[in-house]
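A short write-up of the structure that comes next.
The values are calculated or read from the model by the stated rules, or taken from the named source; none is laboratory data. Bear in mind that the values here come from a model prediction, so they are computed numbers and not experimental data. With ideal geometry, Cβ positions are generated from the backbone for all residues, glycine too; neighbour counts draw on all protein chains shown.
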Amino acid sequence: MNNTQRPIARKSGLVVQEVPDEVLVYDLESNKAHCLNQSAAMIWRSCDGNNSVSEIAKLVESQAGGKVTEDFVWLAIDQLSENNLLEKQISSSFEGTSRREVIKKIGIASVIAIPVIASLVAPQSALAAASCSCNNPGSCGNVPNAGCPNTTNCNGAGLCAP
Amino acid sequence: MKYPLAFDCEIVFESYGVRVKLEATTAELLKDAEQIARKALLNRLRTVESRDVDHTFGFAQDENATIYLFQNGEVVSFDSSRSRFFKFFNSILRIAVAEYAQGSVFIHAGVVGWRGKAIVIPANSFQGKTTLVAELVKNGAEYYSDEYAVLDADGLVHPFPRDLSIRDDNFREIDVPAAELGGKTGVNPIPIGAVLLTEYDAKSEWEPQRLTVGQGIMEMIPHTIPRNFNTEFSLKVLNTAVTDAIILKGSRGDAGAFAIKILSYFDSLLT
């Protein structure tokens, strides 16, 4: 495991909103929204390019008031990297071990909530997200319209429906 | 058809801080377009003298009576069915204003008022949003909207009370005023008391999961119309609006029974 890496949190192209006990991040490039729980947010904020993984573990430990292992930090970094929230992608350090197994291992020992990042992609087109309106059958085949009653027919009322 | 070099007539109006120009090759087309615009935006527009606009919609008709719609110089629709053409224009105009509105954040959602608080139901089309709003109104909730929760900078919900657009089994839409359902329409801006993230599933029992503020906002983002145009303001307003709200997610069964259950549930919580 390479714990000498000094990850850097991405700043450009992101809109960050602090909410109670969580941090919301909206990626303007991918239209993805991320919700970081407190643990993940603390680790993300500590990724300043100066702190190594072990130093981040100590920093978070002092803020959270509970034992934080390097595996705990890696669990967050793994998710941050996967969601493009770091300047440079960092490959998973859990060689031969699944994330689920690591969570299980950390979860039993930790008194602090394990770092979790929930993500969701928002449709690019506001029209598609808010309406099944159409002007030709082709426009009903767009992926965002998949929730409409019909994806091939634009009916006489201008709806993607039979 | 190419973008006509000259439109014979035009008007410019402002709605929710967005300036829109309608231009047409004939006075009749312009009149129809203006009428649809007034309906789409609940007549909340005023004509202005301005060359500086956010959106331009052009209307032209060819010799085969096909009507063309141009948005900012690009063809976005053409149709020989006048009603379908203007229905599409109605949708894209409303979205354009909702996306670029100044000082407001439009969420695609049904909204009712109950005990002085708003119950907001964000959902995509065809998820039973209007059906549920109608049932809530029939059971005494105040009608705010079956389409948009319009949030101001303080996170308060303003009414956008267009007639409820109820679909029959053949997907025909019938506009029904809230009064016909025996309901009253809300007038005042109110804070959000609850957010229901739900969709109809005949086999489901209502066993919701309570979401955190962050999780709730994330679920609301896809329904937030200006999320790409005005992301920072949108997130800030969402945060302000739902910080004290109860956010529930889960499938629901029949709208009638669910409406009674949910109003009774919120009776104690929202006072």
- Taking B:Lys31, is it under 17 Å from B:Phe7 (Cβ atoms), free of Cβ contacts under 8 Å to residues at least 24 places away in the same chain and either of a type in the set (Gly, Ala, Ser) or assigned to a helix (DSSP H, G or I) (or both)? yes
- Message: It is to be established whether one or more residues within the range B:10-22 are within 22 Å of B:Asn64 (Cβ to Cβ) and surrounded by 15 or more Cβ atoms within 10 Å (Cβ to Cβ).
- Response: no
- If you go through the range B:21-34 one residue at a time, do you hit one that is under 26 Å from B:Val150 (Cα atoms) and touching a Lys or Arg at 6+ places or on another chain (Cβ under 6 Å)? no
- Restricting to strands (runs of 3 or more DSSP E) lying wholly in the range B:106-197: which have 3 or more residues that are at pLDDT 95 or above? B:117-122, B:142-145, B:148-152, B:192-197
- Item | Which numbered condition B:Lys236 fails, given (1) within 19 Å of B:Val112 (Cβ to Cβ); (2) of a type outside the set (S, T, N, Q); (3) at pLDDT 95 or above | (1)
- Query: What is the residue count in the range A:12-28 for residues that are out of contact with any helix residue (DSSP H, G or I) (no Cβ under 6 Å at 6 or more places or on another chain) and either touching a residue at least 40 places away in the same chain (Cβ under 8 Å) or within 10 Å of chain B (Cβ to nearest Cβ) (or both)?
  - Reply: 6
- Message: Given the criteria outside any helix (DSSP H, G or I), within 14 Å of chain A (Cβ to nearest Cβ) and among the aliphatic types (A, V, I, L, M), does B:Ile221 qualify?
- Response: no
- Message: Residues that are over 16 Å from B:Gly113 (Cα atoms), away from chain A (no Cβ under 14 Å) and buried (at least 20 other Cβ atoms within 10 Å of the Cβ): does the range B:174-193 have at least one?
- Response: no
- Message: If I filter the range A:39-61 for residues that are within 14 Å of chain B (Cβ to nearest Cβ) and in contact with a Phe, Trp or Tyr (Cβ under 8 Å, 6 or more places away or on another chain), do I get at least one hit?
- Response: yes
- Message: Among the residues that make up the range B:198-217, is at least one of them closer than 23 Å to B:Trp114 by Cβ, away from chain A (no Cβ under 11 Å), of a type outside the set (Gly, Ala, Ser) and within 18 Å of the chain's Cα centre (by Cα)?
- Response: yes
- Message: Take B:Glu49 and tell me if it is under 18 Å from B:Glu10 (Cβ atoms), of a type in the set (Asp, Glu) and surrounded by fewer than 24 Cβ atoms within 10 Å (Cβ to Cβ).
- Response: yes
